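Peer 1: First the structure, then my questions, so here it is.
Derivation of every value follows stated rules applied to the coordinates shown; laboratory data play no part. Everything numeric in this text was worked out from a predicted model, so none of it was measured. Reconstructed Cβ throughout: ideal geometry from the backbone, glycine too, with neighbour counts over all protein chains shown.
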């Protein structure tokens, strides 16, 4: 999954209190702009941890695995992540102009970027932080160029979510929550 780490800010924070009312999806998007450097409230990392939640893709994967076992319908597939070196703890991925890995399972978190997401590159936390990757929010100038209005962001986000849902990488119910979340929040805070 492009933009994913072994563990992330949603799993180690937001997801612990997500009641399913849609606010967890809002927080998942907002966290891209202000990522934490702490997991579970006590593991402190040297850099902000990965804020590209794998939970939406994991949910789809578990659902599709169940369908495969029950009905014989194979799960969705995706292109491989693009890399020049797949070293275990220090892979060298091919990245786009925003710093996100090319290829792999695509989500709106990388296809409608608010930050550069990496599964590697963090330190601290007595060595645990190497599992949590990094998030580097894009600058206000880049965001303003990409999304000159809130509606421009919502439209791009909606298209990316719908693409992920149609490919089977995000469940429809999660896709709807992510689309509604984009409409509920003010991503473009620098415009106000």
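Peer 1: Would you mind computing the Rg to Rh ratio of segment 105-160 from its alpha-carbon coordinates, Kirkwood style for Rh? Mind dumping the intermediate values first?
Peer 2: Values: Rg = 14.1 Å, Rh = 12.7 Å.
With Rg and the Kirkwood Rh in hand, the quotient comes to 1.11.
Peer 1: List, largest first, the extents of the alpha carbons of the chain along their principal axes, each in whole Å.
Peer 2: For the chain, the Cα spread along each principal axis is 48, 40, 35 Å.
Peer 1: Evaluate the distance, in nm, between pseudo-label points positioned 7 Å from the Cα of residue 142 and of residue 163 along their respective Cα→Cβ axes.
Peer 2: 1.8 nm
Peer 1: Pulled fully out, how much extra length does the chain show between residue 173 and residue 92, if you take 0.36 nm times their separation in residues and subtract their Cα-Cα distance?
Peer 2: Working: separation 81, 0.36 × 81 = 29.16 nm, distance 3.40 nm.
Here the segment from residue 173 to residue 92 would lengthen by 25.8 nm.
Peer 1: In whole Å, how far is the Cα centre of segment 75-131 from that of segment 155-170?
Peer 2: 19 Å
Peer 1: When you count, for each residue, the other Cβ atoms within 10 Å and take the mean per peptide, how do 69-77, 150-158 rank with the highest first?
Peer 2: Highest mean packing first, the order is 150-158, 69-77.
Peer 1: So, one more: Find how much the distance from residue 151 to residue 102 grows on full extension, using 0.36 nm per residue of separation minus their present alpha carbon separation; answer in nm with one decimal.
Peer 2: Values: separation 49, 0.36 × 49 = 17.64 nm, distance 2.57 nm.
Additional length available on full extension: 15.1 nm.
Peer 1: Run the simple label-point estimate for residue 77 and residue 123 please: 7 Å along Cα→C-beta, distance reported in nm.
Peer 2: Taking the two extended label points, one gets 4.0 nm.
Peer 1: Cut-off 10 angstrom, C-alpha nodes, Gaussian network model of the chain. Which of 64, 30, 97 fluctuates the most?
Peer 2: 97
Peer 1: Can you pull the three principal axis extents for the Cα set of segment 23-124, in Å, largest first?
Peer 2: 46, 37, 25
Peer 1: With the contact rule set at Cα under 8 Å and sequence spacing of 6 or more, what percent relative contact order holds for the chain?
Peer 2: Values: 345 pairs, mean separation 53.6, N = 192.
Dividing the mean separation by the residue count of the chain yields 28 percent.
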